[in-house]
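**Q** Please see the structure below; I have some questions.
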Amino acid sequence: MFIGRVARKAALWMMMAAWAAVIIAGCGQVQEIFSTPSPWVFSSVTPRASQTPAPINTPLPVAILTPTQVTPVQQGTGWQQSGKVISVENATNVQQVVNAGQGSPLQIMFSSDGQWLGLSTTNGVYLYDPTNLERLLSIRTGEHQLSLAFSADGRFVASGDWHGRVAVWDTAGDLQMELDAGTLPVLAAAFSPDGKWLAAGGWDGLIRLWGMEDGTLQRAIPVRNRAVRAVSFSSDGLLLYGWAPGESIQVWGVDDGKSRDDIYLGKDALGYPPEKAVFGQQGKQVAVYFARSIKVFTTRSGYTRLALNDLLDSVQGLALSEDGNTLAVMTAGDTMGPVIEIHDLESGILIARVQPSETGSRLQMALSPDGERLITLGTHLQSWNLSAGGNQIVQPEISGMKEFYPAVAAYGLAGMDGKVYLASSEGSLEVYDIDEGVSASISSITASPEADLYTSFAILPDELAAFGDAEGSITLVNLTTSETIHLPAHKGVVRSLAFSIDGTRLASGGEDGQILVQDLPGGSPATELDAGATAFRMAFLQTEAADNGYLILQTTADIQIWSLKDEVLLKQLAAQCMTVSSESSLLAGVSYGGGEAMVNIYHLPDGEVLQSFPLEGYRLAISPDGSLLAMGGKDLTLWSIDNGNLLHRLPDTPCCGPIQFTPDGASLVQILLDGSVQAWEIP
């Protein structure tokens with residue numbers, strides 16, 4: 001029964017991914033989604049006394065960091081809105097003022113001494129106590145931190161971001177230096193064993209070497225084959241290793257930068273080179289994986305310590321313990337999620353098997369230096385004790401677990417009074433209050449036996465929330481009392497939901513194109529419509545006349561305008577990516593007519609085109625008074641709806657999630673899939 005439910009849930013995850021692809025394809029999701037530059041923001045918990053870094057003799061320079069904006073507040077800190085409505089007159093003054101949330105995990109690793117567990121995410125760097133998984137330090141950068149490295153003594157941590165910057169902090173959270181590594185993503189970083197050097201490489205095909213005494217760039221070493229994916233030093237600090245996708249590890253002398261003999265890694269049975277390389281034991285060994293095989297080499301001699309061939313599932317990740325005795329291998333697994341197998345490198349035997357059941361996330365993992373603990377990171381941070389089994393193949397027990405971020409917080413809405421509501425596919429609901437800068441859970445739904453996955457969400461701020469599930473049911477939650485009501489609605493997946501402005505009606509869209517409009521609170525069907533295609537977005541337009549208003553649908557084929565009084569389709573617009581401002585009776589959508597993509601502003605309910613803009617992004621929002629269009633793509637831009645002029649551009653501020661104005665027009669909010677919240681205002 002349990003396996004069947006998990007299999008069904010995995011199938012639903014794949015179905016959601018397919019629908020996400022349909023929506024992204026329809027809206028032309030931009031490619032540059034991995035950069036959100038903003039000033040560095042720090043939030044630290046006082047480190048344990050034994051781990052406070054010793055003072056350094058020569059202060060390291062902070063050469064590049066020069067914040068020019070208002071520092072965005074982060075989760076857990078207070079701030080007050082200015083209350084200034086964003087308008088045509090002041091749009092040039094819009095700045096980011098909120099950057100909350102941890103981001104999605106990108107890398108996880110232990111420090112060599114085992115005292116720290118480091119995480120890099122799409123929004124910063126975090127340090128944990130690995131014994132209890134308590135967070136000790138938060139460094140929110142607003143940037144994707146793609147690479148992470150600890151100094152051998154555990155005093156410093158370095159990370160490389162999407163824009164070619166490498167930052168070094170001490171473990172008290174103080175920025176020591178920021179280094180220029182070009183303009184492209186930094187994918188790998190490493191300290192030398194003696195702490196004198198820091199190496200980093202990335203997409204530009206260079207490994208840069210800096211002296212840690214003063215941050216001086218010593219040299220930039222070109223590598224063969226494309227982007228640098230892994231770097232390390234030899235255990236004596238005399239050699240530098242670098243791997244870019246290819247069949248060899250390249251070696252250079254640290255003192256002169258001259259090339260030494262390569263370490264040959266080989267190819268698999270089909271003639272393909274390794275897909276990933278991971279260094280361990282302070283550069284003494286390297287593990288590589290091919291599509292369905294793994295090898296572990298010593299770097300000094302190139303000797304193969306272990307070879308695992310003909311694996312049944314594709315390899316997704318590797319981890320080596322710092323003592324050189326343990327290897328963790330993550331494979332695709334089954335419907336219950338990836339499988340991690342732990343191997344003893346001395347004997348080559350399999351000693352443990354772990355299955356974290358993280359089916360909805362990209363799992364990261366790290367081994368403790370002694371190989372006795374495995375940490376996995378998906379939606380939860382989990383610790384697994386590997387020492388209990390001896391030489392028996394065991395399923396280790398979880399020795400600790402912390403929620404890291406809500407499971408796919410795919411549905412978010414900006415509500416009244418500066419509140420942002422986040423709902424997850426697991427049925428949880430959280431509210432982020434921009435005024436206070438804190439996030440607190442206000443309600444939680446326990447999925448019924450019939451509901452494996454929630455697929456749609458709508459909010460009536462401070463009153464009701466509605467969740468649609470994959471079984472066709474709708475759950476209403478009273479936000480004051482947390483009471484729930486379950487409404488049978490559709491035969492299949494509920495793809496969209498919307499409350500009327502006055503809160504008296506709820507519209508829902510099924511996968512089969514059926515649209516239901518129900519009276520609240522009882523939920524009796526008042527209107528049934530056939531959209532002819534799945535509606536994955538909807539909004540009410542309520543007029544002053546007693547005519548029941550209109551319902552606007554975004555389907556897989558078009559945008560539809562329905563009269564609820566007459567229950568007839570009034571207009572079909574050849575557009576996608578709609579956003580509706582009920583207050584100003586305006587609709588924005590992306591039109592591909594005439595061979596050129598444009599963003600059109602339509603008047604509702606007649607669908608007349610009032611203004612057109614060049615397409616610069618597929619995330620759209622209209623201010624409550626109808627004067628501004630916000631467009632999110634590679635840049636975030638603000639436009640005058642009246643004359644079509646560009647008012648303000650925030651460069652390199654890509655929007656990966658929906659953007660919305662708050663009802664008072666004082667904030668523009670972006671909500672990301674990992675539950676992060678960003679907001680822009682007039683300071």
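**Q** In terms of the Cα gyration tensor, with a ≥ b ≥ c the square roots of its eigenvalues, is the range 300-351 rounded because a/c is under 1.5, prolate because a/b exceeds b/c, or oblate? Write out the running numbers ahead of the final one.
**A** Details: a/c = 2.21, a/b = 1.83, b/c = 1.21.
Prolate shape, in that a/c is at least 1.5 and a/b is the bigger ratio.
**Q** With a point put 7 Å past each Cα toward its Cβ, work out how far L350 is from K84 in nm, to one decimal.
**A** About 6.3 nm separates the two model spin labels.
**Q** Based on the mean of other Cβ atoms within 10 Å per residue, sort peptides 264-273, 611-620, 158-167 so the most packed one is first.
**A** So the peptides 264-273, 611-620, 158-167, ranked by packing, come out 158-167, 611-620, 264-273.
**Q** Return the long-range amide H neighbours of H648 (sequence gap of 5 or more, or a different chain), with a cut-off of under 5 Å between placed amide H atoms.
**A** L638
**Q** Moving on to the next point. Could you list the square roots of 5 times each eigenvalue of the Cα gyration tensor of the range 551-633, that is, the equivalent ellipsoid semi-axes, sorted largest first and rounded to whole Å? Working shown, then result.
**A** Numbers: eigenvalues 81, 47, 21 Å².
Gyration-tensor ellipsoid for the range 551-633: 20, 15, 10 Å.
**Q** Given a Förster radius of 25 Å and the C-beta distance between E596 and T92 as r, what FRET efficiency does 1/(1 + (r/R0)^6) yield to the nearest 0.05?
**A** My answer for the efficiency is 0.35.
**Q** I would also like to ask the following. How long is the gain from S387 to E134 if the chain were fully straight, where each residue apart is worth 0.36 nm and the alpha carbon distance is subtracted?
**A** Here the segment from S387 to E134 would lengthen by 88.9 nm.
**Q** Calculate, axis by axis, the spread of Cα positions in the range 158-197 along the three principal axes, and write the results as whole Å, longest axis first.
**A** For the range 158-197, the Cα extents along the three principal axes come out at 27, 21, 13 Å.
**Q** Calculate, in nm to one decimal, what A172 and D236 gain on full extension: separation in residues at 0.36 nm each, minus their alpha carbon distance.
**A** So the chain would gain 20.3 nm between A172 and D236.
**Q** While we're on this one: Would you grab the residues whose amide H sits under 5 Å from the one on F156? Only those 5+ places off in sequence or on another chain, please, with H modelled 1.01 Å from N.
**A** Excluding prolines and chain starts, which carry no amide H, the hits are S151.
**Q** Please state, as a whole number in µm²/s, the translational diffusion coefficient that the Stokes-Einstein equation yields for the range 75-200 at 20 °C and 1.002 mPa s, with Rh defined as the Kirkwood radius across alpha carbon pairs.
**A** 135
**Q** Along the range 487-494, what does the Karplus equation 6.51 cos²θ - 1.76 cosθ + 1.60 (θ = phi - 60°) give for ³J(HN,Hα), rounded to whole Hz, x for Gly and Pro?
**A** Rounded to whole hertz, the list is 10, x, 9, 10, 7, x, 4, 8.
**Q** In terms of solvent-accessible area of protein heavy atoms at a 1.4 angstrom probe, what is the ranking of T299, T556, highest value first? Don't skip to the answer; put the middle values down first.
**A** Working: T299 10, T556 65 Å².
From most accessible down to least: T556, T299.
**Q** Taking a spot 7 Å from the Cα of E528 along the direction of its beta carbon, which residues of the range 481-511 have an amide N less than 15 Å from it?
**A** 488-492, 508-511
**Q** Fully extended, how many nm does the chain gain between E567 and D606 (0.36 nm per residue separation, minus their Cα-Cα distance)?
**A** 12.5 nm
**Q** Remind me, what semi-axes does the range 471-605 give for its equivalent ellipsoid, largest first in whole Å, using sqrt of 5 times each Cα gyration tensor eigenvalue?
**A** They are 26, 17, 14 Å, listed from largest to smallest.
**Q** Probe radius 1.4 Å, ligands and nucleic acids left out: which of E608, E143 has the largest accessible area, and how do the rest follow?
**A** Largest accessible area first, the list is E608, E143.
**Q** Set the bar at 32 Å for Cα to Cα. Now go through K419/K634; K84/K565; K491/K634; K196/K276 and name every pair that lies beyond it.
**A** Result: K84/K565; K491/K634 exceed 32 Å.
**Q** I've got another one for you. Of the peptides 560-567, 362-369, how do they stack up when ordered by the mean number of other Cβ atoms within 10 Å, highest first?
**A** Working: 560-567: 18.0, 362-369: 21.4.
Answer by packing, highest mean first, reads 362-369, 560-567.
**Q** Another one. Amide H to amide H, which residues 5 or more places from F457 or on other chains are under 5 Å from it, using H placed in the peptide plane?
**A** G468, L497
**Q** Can you pull the one-decimal nm distance between simple spin-label points at D625 and K491, each 7 Å off the Cα toward Cβ?
**A** 4.9
**Q** Same structure again: Considering just Cα atoms, how many Å³ per residue does the convex hull of the range 233-313 enclose? Mind dumping the intermediate values first?
**A** Details: hull volume 6.5 nm³, N = 81.
So the per-residue hull volume is 81 Å³.
**Q** How many percent of all Cα-Cα pairs in the range 591-683 sit more than 22 Å apart?
**A** Result: 27 percent of Cα pairs exceed 22 Å.
**Q** What is the spin-label model distance, in nm, from N478 to T216 if the labels are put 7 Å beyond Cα along the C-beta direction?
**A** Between N478 and T216, the label points sit 7.2 nm apart.
**Q** Just need the Rg to Rh number for the range 449-539, please, alpha carbons only, Kirkwood Rh.
**A** 0.93
The values are calculated or read from the model by the stated rules, or taken from the named source; none is laboratory data. None of these values were measured; they are calculated from a predicted model. We place every Cβ from the backbone using ideal geometry, glycine too, and count neighbours over all the protein chains shown. Just so you know, the surface numbers come from the protein's heavy atoms only, side chains and all, with ligands and any DNA or RNA stripped out. Shrake-Rupley method; radii C 1.70, N 1.55, O 1.52, S 1.80 Å.
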